[in-house]
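Peer 1: A single structure is presented below for examination.
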Amino acid sequence: MISGRTGWLAAGILPVLAAVCCAADSPSSPASAAPIVAPTESENTMPQHPYSGMWVTDDGQVRHELLPNGRYDEARGRRESAYQGRYEVRGTHIDYWDDTGFTADGDFVDENTLHHGGMILRRKL
């Protein structure tokens with residue numbers, strides 16, 4: 001017989017703990033699900049868009065290389081690969097997600113001009 005406040009607490013919590021513990025062994029539980037695997041390079045390739053390539057400010061201090069796989073590499077001054085991350089282009093708009101969590105965006109105003117973060121970058125041909 002369960003008596004007192006502690007006894008009722010134990011009676012209420014033990015079945016819950018047992019259910020949680022046993023659920024981890026269930027085939028449908030997340031604990032036994034297949035591991036998450038990073039996509040391969042070919043699965044991570046973004047559809048081609050007309051903006052892949054190098055984009056540079058007029059003074060050459062900021063350089064964005066938009067890679068065809070949806071990644072970018074930004075250089076600042078003498079610092080190569082100052083920022084890296086992924087990007088997505090939708091129409092003429094671009095969104096950036098830096099690997100450190102910083103986000104930014106920009107707009108292609110024509111086929112050779114990108115407005116981004118108060119800067120104007122031009123396609124390097």
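The values are calculated or read from the model by the stated rules, or taken from the named source; none is laboratory data. What you see is a predicted model, and the numbers here were worked out from it, not measured in a lab. Methodologically, a virtual Cβ is constructed for each residue, glycine included, from the backbone with ideal geometry; neighbour enumeration extends over all protein chains shown. Surface accessibility is based on the protein's heavy atoms, side chains included, excluding ligands, DNA and RNA. Shrake-Rupley method; radii C 1.70, N 1.55, O 1.52, S 1.80 Å.
Peer 1: Which residue out of 87, 83 is within 17 Å of residue 49 (Cβ to Cβ), free of Cβ contacts under 8 Å to residues at least 60 places away in the same chain and of a type in the set (Phe, Trp, Tyr)?
Peer 2: 87
Peer 1: Could you go through region 107-123 and let me know if any residue there is touching a Phe, Trp or Tyr at 6+ places or on another chain (Cβ under 6 Å), at pLDDT 95 or above and of a type in the set (Val, Ile, Thr).
Peer 2: No - not one qualifying residue is present in region 107-123.
Peer 1: Are any residues in region 99-116 touching a residue at least 40 places away in the same chain (Cβ under 8 Å) and in contact with a Gly (Cβ under 6 Å, 6 or more places away or on another chain), and if so, which ones?
Peer 2: Matches in region 99-116: 114, 116.
Peer 1: If residue 8 satisfies every condition in (1) modelled with pLDDT under 50; (2) aromatic (Phe, Trp, Tyr); (3) open to solvent by less than 50 Å² (accessible area, probe 1.4 Å) but one, which is the exception?
Peer 2: Among (1) modelled with pLDDT under 50; (2) aromatic (Phe, Trp, Tyr); (3) open to solvent by less than 50 Å² (accessible area, probe 1.4 Å), the lone unmet condition for residue 8 is (3).
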